[in-house]
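I have placed the structure first, in the form of structure tokens, so that the comments after it can refer back to it.
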Amino acid sequence: MWSRLKGKFPPILEPSKGPKTVGLAVGYFMVLNYVVGNGFLGIPFTFYHAGMVGSITIFLFIMFMEWNSARWLFEVMSRAQALETFKQEQLVETQSEKSDHLPALSDRSHVMPDDHPKYEILVTRKFELTELCQVFVGRWFKVFYLLVVITASFIVLWTYSTVAGSAWSTNLPLNFGPLRMCTEEEFQDNIYPKGSGCLAAYRFCVFLFAVVVLPLSLLDLKNVGVIQTIFGGLRFAIIGAMVLYALFNLGIGGLQGGVPLSANGTESNLTGNVLSDFVYGFSFTGWLSAIALFTSALIIHPGLSTLTHPIKNKKPLGWFVLSIYGTVAVFYVLMGVILTLWFGSDVNSTITLNWVPSTKSDHSVAIRVLSYFIILVPSIISAYPLVVYFTSNNIYLVLMGKDTSQKTSTREWVVLVLIKAIFGVLPLIVALFVSNLIFILKYAGLVAFLTSALFPGVLQLTSQRKCAKVFGGKREGVADSQPTPSTGLEMDTIKREEGAPLMEGEKADGEKEASRMRKDAVYTTPYSLPVLSHPIAAIVQLAVAGVLFVAACASIAYRK
């Protein structure tokens, strides 16, 4: 049975010293910074076009799907580790049996295969999704996943570059040579800014952004933990500043006779029937388009293995990710509702650009400083290095045949750095020619939604099947010496033995239930949850996500 697994796992290399780790607090901000990224900049625009109730509904569904998919991947990682550990134990046992001087059985117990699989995630071993795809499905699935994740990551990096270029070129006084400071209108609904002077300034700002992010992209993730913690805190400070500023003006300074004012000081168009339509209205095409945009703002699984690998305490990872999504949900929903009420139909596809008018000299110094903070900082604290890091790791694994946690030579380190450099530069080049955020996010979100729905679900099903086959068959050989897991039927059997004997049908039912419990136990991990970890849950999620994906593609094509 294990001959099928032979060669699918690279050998375990013992590190010369303990790995560098981080605590849950630092890990929280690293993962948080990746999840939030720059996808949150399109949240208010999406809320306006999909309606508040519809937006919140689909947002919560996407968030649940992303969290459950992340939790499934923790299960899959622990199953992969259990298979690798068992394979290593089998090899040691085989080598010991071939030796002329076998140790006593009592001395060999530590290398003999255990009767129970060891489901755990180790800080010394990292399983990227590309490797998981090969272990549990096959090489073709690994290649397919790599192509999809490269495409999705490329579009995300493209997004980060355009946000920096548009934000900086509309706010920095680049009025020299061929450069001219851009206006917000030159980016509105355009693939790239109109006007040669503005376009030159935008491209110059993309170059400046490259100077900032490329060096960080070449560093090891464990060496930038403090930086990512600061970035994560600043990101939520920006969202909080936007929400509080708009909320203050809506509730106190933005009311004249009960009529809310928009950010430009005029009467908002979100009043009366229009306001009611925003709150209770439902746009099916807008709702479907929101799937892509919300997925871009919530996706986590492509970088999950890389981002959680440095975390020392692996046991609470499932609830750890849930806490991150809980934080994100509060900020995103407040941002979507309040900023949409404040800006109305003036809401920009990149929400930070709505603060450009507040940087003018007719506003107070405090408001101007706050506006510059909101506009410029998101691009500076980009998650660009994180995306480059985990995507390069997957490319490296496919090319070199082993994970980055197993680097052993200078040559392999140079290969990884070159992969990072190439993958980090290409999206910056493309960003020179397309700058519209929503145009990009629609397609990035569709690719992200496909990966979120398909790969974790398939890996969950195939890993359960493989572990049930490997460890289930292994347990059958020792079934007579192992106690049957409690199903609740044993007590009933004992009670009935005191009186009348069990009927033949009742015995059969008890045996079937006990057999089912034994089968479930061989793939149940510390990260598993009742119902949500059942194979049927994965099948249902795959089916629902497939229908929504097709509908979202049709909606985007129709709205063209």
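Key figures
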quantity	calculated
Stretchable slack from residue 218 to residue 24, in nm (0.36 nm times residue separation minus alpha-carbon distance)	67.5 nm
Calculated FRET efficiency for the pair residue 315/residue 140, C-beta based, R₀ 30 Å, to 0.05	0.30
Computed FRET value (nearest 0.05) for residue 550 with residue 465, which takes r as the C-beta separation and R₀ as 35 Å	0.85
Theoretical FRET efficiency, 1/(1+(r/R0)^6), r = Cβ-Cβ of residue 92 and residue 536, R0 45 Å, to 0.05	0.75
Average projected area [Cα convex hull, the range 283-379], square nanometres	8.9 nm²
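Taken together, the values in this text are just the output of simple stated rules run on the coordinates, not laboratory data. Here the structure is a predicted model, which means the values were calculated and not measured. Cβ coordinates were reconstructed from backbone atoms using ideal geometry, including for glycine residues, and neighbour counts include every protein chain displayed.
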